[in-house]
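Read the structure below first, then the notes.
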Amino acid sequence: MTEREKMLAGEPYDPGDPELVRLRLMMRQICQAYNNLPPEDEAGHDLLRMRMLGAHKERAYMEPPVWFDYGVNTSVGERFYDNFGLTVLDSAQVIIGDYVEIGPNVDIYTATHPLDPTARATGLEYGKPVRIGNHVWIGGHTVINPGVTIGDNTVIGSGSVVTRDIPAGVLAAGNPCRVIRKIVESL
């Protein structure tokens, strides 16, 4: 397997692999171009967003600045909106549903490292996918860690650190993020 194939399979991979370095550099160039467009250049933002993301539906919008590792591993649903300062480390899939709103300065991480110091010293890393359901609101300055799933109709309070799955239809917040109360009956 190539290092990219290992990465996408969730296996340990070398992030210094020339193909992966090239892909990250290309994405940084696209992100920089997106972030530097005049605010009124909607067509330019649309064009670069299509190049930036693996998939997106209609009326998806991201306020600059945005940063992705690879971009192609991230998909967003219809009427996705992210406020200023989104960072997505997408060495694994990031799947974001329809009608999702993300506050400013939110970080989504799929990349992780071995806990064992000897294994970590090899420089290998691996990724765990992140899934965010439909009709989710994520408050500003939230961190979503590798392998997390957030259920439909859920609200994540500002400043949360999401380290484990959050069910559908709840308000959750804190560090670590935990369910505070139910807000919506499951549909």
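The values are calculated or read from the model by the stated rules, or taken from the named source; none is laboratory data. Please read these numbers as outputs of a predicted model, since none were measured by experiment. Every residue, glycine among them, receives a Cβ derived from its backbone with ideal geometry; neighbour counts consider all protein chains shown. Ligands, DNA and RNA are excluded from the accessible area calculation, which covers all protein heavy atoms including side chains. Shrake-Rupley method; radii C 1.70, N 1.55, O 1.52, S 1.80 Å.
List of remarks:
- Each of V100, A121, L53 was scored by the projection of its Cα onto the charge dipole of segment 1-127, and the greatest displacement toward the positive side belongs to A121; charges sit on the C-beta of Lys, Arg, Asp and Glu.
- 5 angstrom amide H check on I150, placed H, neighbours 5+ away: R131, I132, G133, I166
- Average accessible area per residue (Å²) across segment 16-124 - probe 1.4 Å, nucleic acids and ligands excluded: 50
- Rounded to the nearest 20 debye, dipole of segment 38-137 from Cβ charges on Lys, Arg, Asp, Glu: 360
- Contour excess over end-to-end distance, with Cα ends at R22 and I183 and 0.36 nm allotted per residue: 53.5 nm
- Residues in segment 97-125 reached by a label modelled at W137 [backbone nitrogen below 14 Å; 7 Å Cα→Cβ]: 99-104
- Cα→Cβ-extended label distance, 7 Å offset, between Q29 and K128, nm: 3.4
- Where only DSSP H runs of four or more residues are counted, the chain gives -6500 deg cm²/dmol as its mean residue ellipticity at 222 nm, each run worth -39500 (n - 2.57).
- Inter-part distance where segment 145-174 and segment 20-36 are each reduced to a Cα centre, Å: 29
- Accessible-area composition of segment 1-75, carbon plus sulfur, in percent [1.4 Å probe]: 55
- Here the Gaussian network model covers the chain, with springs between Cα atoms less than 10 Å apart; of P114, P12, P64, P114 fluctuates the most.
- Added length on full extension, which subtracts the Cα-Cα distance from 0.36 nm per residue, T163 to D41: 40.2 nm
- Estimated inter-spin distance, A111 and N83, nm [label 7 Å along Cα→Cβ]: 2.6
- All-pairs Cα distance distribution in the chain, expressed in whole percent, bin size 5 Å: 2, 8, 16, 21, 19, 15, 12, 6, 2, 0, 0
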